[in-house]
Amino acid sequence: MVTFLSILLTITSLLLIVLVLLHRGKGGGLSTLFGGGVSSSLGGSAVVEKNLDRLTIVCGLVWVVCIIALGLLLKETGPAVPL
């Protein structure tokens, strides 16, 4: 179970990074460094942004659940590191 949750945590972590980077920059900050300040007609519609927001939230919730479950499992059983 710990192995499954660790793999799921790794996958959701990488997916969460990609999803956050796909969001459109709303302000000045670092998003303009990567070309986010340039307006484009290829920016996407509001439906795509809404779906991306939902997917990011779901992925974040799965990530949080994995963290909590791993913490509880490792608290009970201890780490699987041989001494």
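Read the figures in this text as sums done on the coordinates, not as results from a lab. All figures in this text were calculated on a predicted structure; none of them were measured in a lab. Every residue, glycine as well, gets a Cβ built from its backbone with ideal geometry; the counts of neighbours run over all protein chains shown.
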Net lengthening on full extension, ILE57/ILE7 (0.36 nm per residue, minus Cα-Cα): 16.1 nm
Neighbour-count order for THR12, THR77, THR56, fewest beta carbons within 10 angstrom listed first: THR77, THR56, THR12
